[in-house]
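Participant: The structure under discussion is supplied below as structure tokens; questions concerning it will follow.
The values are calculated or read from the model by the stated rules, or taken from the named source; none is laboratory data. Model, not experiment: these values are computed from the prediction. Cβ atoms come from the backbone with ideal geometry, glycine included; neighbour counts cover every protein chain shown.
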Amino acid sequence: MTTEITGVILAGGRSTRMGGEDKGLIVLNQVPLYRYVLDRFSPQVSQVIISANRNQQYYRQSGLTVISDTLPDFPGPLAGMLAGLQAASTEWVVFAPCDVPIFPADLVTRLWQGKQRAAAAFACAGGRDHPAFSLLHRTLIPALENTLARGDRKVMLFFAQINAQRVVFPAEPPAFANLNTPQDLQQWSVNEPGAQA
């Protein structure tokens, strides 16, 4: 790929199912969770930004730019996407959540090819949508601002409104498996599914 694309790691959620802990900073096999995402993301994009609403000083230790939602009260992934689009210096921005240690090494290429002429695309695998893994064009900023101003928070609803392309990936567990709860984390640590594979 020759097009420059900014990658944004979404680490700004409340993490209610993880007891309110900052999921990106939870340690998995002695490595903060967001670092797994960063290691897989970095080779696929021209630059990486972290979207975080707390503990920004810890994320800045990575040397990366750290941004926060422009809206209060943790409105969810759409607010992180808006902040990422606003902060990016490239026309296209790709997003990945901080709680998925393994995802395809060709994520960005597949989303880019699968978007066709759409202004957005998102991943689907094993019959399940993964809208936090998405590619968006900066021209979507006004539409996203309007959606959030209306109080809409659902990513898939927004994607339906803008005719985002669903890009199907092979179902290859544990790819796209997110760690939402302490039990998820414990099970992952026990099974150790090739953390860097």
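Participant: Can you find, within the stretch 120-150, the residue that is modelled with the lowest pLDDT among those that are polar (S, T, N, Q) and surrounded by fewer than 19 Cβ atoms within 10 Å (Cβ to Cβ)? Break it down stepwise before answering.
Facilitator: Looking only at the stretch 120-150, we keep the residues that are polar (S, T, N, Q), and these are 134, 139, 146-147.
Within this subset, residues satisfying the condition of being surrounded by fewer than 19 Cβ atoms within 10 Å (Cβ to Cβ) are 139, 146.
Values: 139: 98, 146: 95.
The qualifying residue modelled with the lowest pLDDT is 146.
Participant: Within the stretch 151-167, which residues are more than 14 Å from residue 115 (Cα to Cα), surrounded by 14 or more Cβ atoms within 10 Å (Cβ to Cβ) and not β-branched (Val, Ile, Thr)?
Facilitator: Once the filter is applied, which keeps residues that are more than 14 Å from residue 115 (Cα to Cα), surrounded by 14 or more Cβ atoms within 10 Å (Cβ to Cβ) and not β-branched (Val, Ile, Thr), the stretch 151-167 yields 152, 153, 158.
Participant: May I ask you to say which residue of 66, 48 is in contact with a Lys or Arg (Cβ under 9 Å, 6 or more places away or on another chain), modelled with pLDDT of 95 or more and among the β-branched types (Val, Ile, Thr)?
Facilitator: 66
Participant: Now for a separate question. For the stretch 7-27, give me the residue count where each residue is at pLDDT 85 or above, crowded, with 19+ Cβ neighbours inside 10 Å and either in a strand (DSSP E or B) or among the polar types (S, T, N, Q) (or both).
Facilitator: Of the residues in the stretch 7-27, 4 are at pLDDT 85 or above, crowded, with 19+ Cβ neighbours inside 10 Å and either in a strand (DSSP E or B) or among the polar types (S, T, N, Q) (or both).
Participant: Taking residue 83 and the conditions (1) on the phi < 0 side of the Ramachandran plot; (2) not in a helix (DSSP H, G or I), which numbered condition does it fall short on, given that it satisfies the others?
Facilitator: For residue 83, the exception is condition (2).
Participant: Would you point out the residue of the stretch 101-119, among those that are in a loop (DSSP other than H, G, I, E, B) and not small (Gly, Ala, Ser), that is surrounded by the most Cβ atoms within 10 Å (Cβ to Cβ)?
Facilitator: Top of the filtered list is 101.
Participant: While we're here: Of everything in the stretch 108-138, what is touching a helix residue (DSSP H, G or I) at 6+ places or on another chain (Cβ under 6 Å) and touching a residue at least 60 places away in the same chain (Cβ under 8 Å)? Give them in sequence order.
Facilitator: The answer is 108, 132, 135.
Participant: Quick one: in the stretch 164-195, of everything that is within 17 Å of residue 40 (Cα to Cα) and in contact with a helix residue (DSSP H, G or I) (Cβ under 7 Å, 6 or more places away or on another chain), which residue is modelled with the lowest pLDDT?
Facilitator: Filtering first and then ranking leaves 195.
Participant: Which residue, of 54, 35, is buried (at least 16 other Cβ atoms within 10 Å of the Cβ), part of a loop (DSSP other than H, G, I, E, B) and at negative phi?
Facilitator: Result of the check over 54, 35: 54.
Participant: A follow-up question, please. So is residue 76 of a type in the set (Gly, Ala, Ser), buried (at least 21 other Cβ atoms within 10 Å of the Cβ) and under 13 Å from the mean Cα position of the chain (by Cα) or not?
Facilitator: No; evaluated as a whole, the condition is false for this residue.
Participant: Tell me whether the stretch 68-75 contains one or more residues that are closer than 25 Å to residue 166 by Cβ and not basic (Lys, Arg).
Facilitator: yes
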